[in-house]
1. Among 242, 69, what is the fewest-to-most ranking by other Cβ atoms within 10 Å?
2. Compute the length gained on full extension between residue 282 and residue 184: take 0.36 nm times their separation in residues and subtract their Cα-Cα distance, giving the result in nm to one decimal.
3. For the stretch 1-149, how big is the tail of P(r) above 21 Å, as a whole percent of Cα pairs?
4. Would you mind calculating the gained length between residue 47 and residue 355 on full extension (0.36 nm times residue separation, minus the Cα-Cα distance), in nm to one decimal?
5. What is the stretch 217-371's relative contact order, in percent, from Cα pairs under 8 angstrom and six or more apart in sequence?
6. What is the Cα radius of gyration of the stretch 226-343 over 2.2 N^0.38 Å, N being its residue count?
7. Helix 199-214: angle to the longest alpha-carbon principal axis of the chain, degrees 0 to 90, nearest 10?
8. Could you grab the relative contact order for the stretch 118-315? Cα pairs under 8 Å, six or more apart, rounded to a whole percent.
Ligand code: DGY
């Protein structure tokens, strides 16, 4: 199986599942073992190339769990199908690394891991927002470098977000969780841009305003805008929560950056290529009051030249979902997807995914993205 090291769990089982990275927790291993799977885990931290994964699939492989850093397309789904494979799960909620049409052509159900990343990722977006607004990293560097000579009225002045305008692009689960944290915590007015109105969020904002009124406080506003340009021009802080596809690639480019307030804050915990990163470097260089907080990068793990040197940009290495609870939950869901399909179980349709995380889970695959296209049966109790 190539030069990378693989660790085998439950060696004498009948079915064979490959997992291209070590995953945290034990429950996911137990789920696959209970489905009579031998589990072969690649213990290398290097990203596997398509050919290495093909080699690992080999002549017989019933299922696979892969990573967002790998390209799961035509070649891998063909290899999996030819090896007798019946299921693939991404160890991620995002699936821009997966060619869903190719998987469907090769009759391979594709799972993902929604629900367990929501608050965790939203919390990181909040963390980046305030780290950028209050210049936490830049001022920490200054302090560590021994440059602090004493309190000054003008030392590291940042931006106050209380009662300002918040722009959320993509008001799905994570975008809405972030919006609630920011609006409730900091009484911000919400502007959002999404293909669909988020009725749940609008009702939530109305209820929140009733509460504010009962406390004798000023209300906040909630507005859906059709065009992202309108949101960019009005918001003091913009957070991106879209999926990455052809419609969102370089959604934030030089032209759109120029519409933003000179002291605005831009946060990205979605996918790197949603921002034209070279344009962002130029913009942050020319607008020192502008700030950005990034968890994801266009050419991950590489950064565009100049990005790492900018004092007004906070960067972390794609760790928005990195809490033990979330990463263990992701492993449980990914294993649950593969194990369920291999046992012939139907697909869970409910957005509530918590039932899979402990106790006796339903006999269903937690989340299969191409279930309808493949005509799969859905769980009905
Ligand atoms: C995902 O699951 O898509 C996240 O990017 C992982 O952090």
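1. In order of increasing Cβ crowding within 10 Å: 69, 242.
2. 31.9 nm
3. Details: 5771 of 11026 pairs.
Pairs farther apart than 21 Å: 52 percent.
4. 107.7 nm
5. 15
6. 1.24
7. That helix lies at roughly 40 degrees to the long axis.
8. 22
Throughout, read-outs are computed from the coordinates displayed, never taken from laboratory work. Source: prediction; values computed, not measured. Note that we place each Cβ from the backbone using ideal geometry, even for glycine, and neighbour counts take in every protein chain shown.
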